[in-house]
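A.B. asks: Starting off with a structure, shown below.
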Amino acid sequence: MISPDDQERYLKFDREQWSVLRAQTPLTLNEKELEALRGINDRIDLDEVATIYLPLTRLLNLYVAATQNLHRVSATFLGTMAPKMPYVIGIAGSVAVGKSTSARILQSLLMRWPEHPRVELVTTDGFLFPNAELEKRGLTNRKGFPESYDTKKLLQFVRDVKAGTPEVAAPVYSHVIYDVLPDREEIVRQPDILMIEGLNVLQVGNSTSEFVSDYFDFSIYIDALETDIENWFLERFQTLRRTIFQDPNSFFKHFADLTEEQAAALAHEIWVGINGKNLKENIEPTRARASLVLHKGADHRVNAVHLRKL
């Protein structure tokens, strides 16, 4: 949750208070579509979409419209044409907290608004250094930590999209082979909204004077208690053991034959040594930089929303 020191900078809403802000925004997503957007072990349902995500998409629609109007006003003042500049949204949070599912749902809902039908979603996984480079740098066990990303490449990508470049390429990551695909690219073509989802998108550091978050118009942090996130990570690991790890091409195929007890012990070890450590040291400290924080309870449902005061 938001710390006491930061609470005065946020407006806090419980589920009921936040749900009212949906106003008349229609639910345009059906169960079949939602099923395709759910992540592994994510239990989100249409009630959660209506209660939490519809008010958020209404807020974002208003913010996008206000930003577009500001660009038009500036262009009028300067006597120039208003540039097509995408509204950029960053989505951050821990491994296994459900940020990827949240991002996909928001993308699906936002593109149904007539004012901004072109909504692109890019994950920062593609901007990880390839496994061979990580090994060369001694970062194999630091994958997901800030230093494991090609930050210069990510910054250039965001700069180019924000500048209105007609086509900008983003690298693609495979969770099966657990590496960047050298022969694959995702092309982003002047979207109305660009969503960037990743562990470290809200981080700042001393290595550069420029940060990815400098280009964000709005940012979202998906929050939960660490004990809950670890439980979700352990559950997901067991599910992956029974599914994706069975793929002969999987980087983790050697985990497929573990017993449930062995898998639980290994997942806990990975959490303590890597993911939990990254959460405490690098991810959670950025929470107070977010425009909006969605806090989840142990049942995966959002029980509090914190919106930064303007």
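The values are calculated or read from the model by the stated rules, or taken from the named source; none is laboratory data. Just so you know, these numbers come straight off a predicted model, no measurement behind them. Positions of Cβ are generated from backbone atoms using ideal geometry, with glycine treated the same way; all protein chains shown enter the neighbour counts.
A.B. asks: Go through the stretch 117-163 and give me each residue that's over 16 Å from Asp179 (Cβ atoms), among the hydrophobic types (A, V, I, L, M, F, W, C) and either loosely packed, with under 14 Cβ neighbours inside 10 Å or under 17 Å from the mean Cα position of the chain (by Cα) (or both).
C.D. replies: Initial filter on the stretch 117-163 (over 16 Å from Asp179 (Cβ atoms)): 117-122, 138, 145-147, 151-152, 154-163.
Next, from what is left, pick out any that are among the hydrophobic types (A, V, I, L, M, F, W, C): 119, 121-122, 145, 154-155, 157-158, 161, 163.
Val119, Leu121, Val122, Phe145, Leu154, Leu155, Phe157, Val158, Ala163 - these are the residues of the stretch 117-163 that are over 16 Å from Asp179 (Cβ atoms), among the hydrophobic types (A, V, I, L, M, F, W, C) and either loosely packed, with under 14 Cβ neighbours inside 10 Å or under 17 Å from the mean Cα position of the chain (by Cα) (or both).
A.B. asks: Among what's in the stretch 180-201 and is modelled with pLDDT of 95 or more and within 22 Å of Ile283 (Cβ to Cβ), pick the residue that is surrounded by the fewest Cβ atoms within 10 Å (Cβ to Cβ).
C.D. replies: Out of the qualifying residues, it is Val180.
A.B. asks: State the number of residues belonging to the stretch 103-132 that are polar (S, T, N, Q) and within 15 Å of Ala170 (Cα to Cα).
C.D. replies: We begin by selecting, within the stretch 103-132, every residue polar (S, T, N, Q); these are 107-108, 123-124, 131.
Okay, now just the ones that are also within 15 Å of Ala170 (Cα to Cα), so 123-124.
Final tally of qualifying residues: 2.
A.B. asks: While we're on this one: Assess whether Thr57 counts as being over 19 Å from the mean Cα position of the chain (by Cα) and closer than 20 Å to Val302 by Cα.
C.D. replies: Working: over 19 Å from the mean Cα position of the chain (by Cα): no; closer than 20 Å to Val302 by Cα: yes.
Judged against the criteria, Thr57 is not a match.
A.B. asks: If you don't mind, there's one more thing I want to ask. Failed condition for Ala50, given (1) surrounded by 17 or more Cβ atoms within 10 Å (Cβ to Cβ); (2) in contact (Cβ under 8 Å) with a residue 24 or more places away in the chain; (3) part of a helix (DSSP H, G or I), with all others met?
C.D. replies: That leaves (1) as the condition not met.
A.B. asks: Then there's this: Give the residue that is modelled with the lowest pLDDT, with candidates limited to residues of the stretch 71-85 that are loosely packed, with under 12 Cβ neighbours inside 10 Å and hydrophobic (A, V, I, L, M, F, W, C).
C.D. replies: This residue is Met81.
A.B. asks: Going by the structure shown, is Thr101 farther than 30 Å from Ile270 by Cα, touching a residue at least 12 places away in the same chain (Cβ under 8 Å) and polar (S, T, N, Q)?
C.D. replies: Working: farther than 30 Å from Ile270 by Cα: no; touching a residue at least 12 places away in the same chain (Cβ under 8 Å): yes; polar (S, T, N, Q): yes.
The answer is no for Thr101.
A.B. asks: Could you check the stretch 202-257 and list, in sequence order, the residues that are modelled with pLDDT under 95, of a type in the set (Val, Ile, Thr) and within 27 Å of Glu269 (Cβ to Cβ)?
C.D. replies: Of everything in the stretch 202-257, those that are modelled with pLDDT under 95, of a type in the set (Val, Ile, Thr) and within 27 Å of Glu269 (Cβ to Cβ) turn out to be Thr239, Thr243, Ile244.
A.B. asks: Restricting to the stretch 57-104, name every residue that is under 20 Å from Pro191 (Cβ atoms) and not in a helix (DSSP H, G or I).
C.D. replies: Met81, Ala82, Pro83, Lys84, Met85, Pro86, Tyr87, Val88, Ile89, Gly90, Ile91, Ala92 - these are the residues of the stretch 57-104 that are under 20 Å from Pro191 (Cβ atoms) and not in a helix (DSSP H, G or I).
A.B. asks: Another question, if that's okay. Quick one: which strands (runs of 3 or more DSSP E) lie wholly within the stretch 124-220 and hold at least 2 residues that are without any contact (Cβ under 8 Å) to a residue 60 or more places away in the chain and hydrophobic (A, V, I, L, M, F, W, C)? Break it down stepwise before answering.
C.D. replies: Details: elements: 168-174, 179-188, 193-197.
Strands (runs of 3 or more DSSP E) meeting the threshold: 168-174, 179-188.
A.B. asks: Also, I was wondering about something else. Considering only residues that are within 22 Å of the chain's Cα centre (by Cα) and not in a helix (DSSP H, G or I), look in the stretch 29-43 and name the one that is surrounded by the fewest Cβ atoms within 10 Å (Cβ to Cβ).
C.D. replies: Checking each candidate, the answer is Arg43.
A.B. asks: Could you run through the stretch 253-283 and say how many residues are under 19 Å from the mean Cα position of the chain (by Cα) and crowded, with 17+ Cβ neighbours inside 10 Å?
C.D. replies: Counting residues in the stretch 253-283 that are under 19 Å from the mean Cα position of the chain (by Cα) and crowded, with 17+ Cβ neighbours inside 10 Å gives 6.
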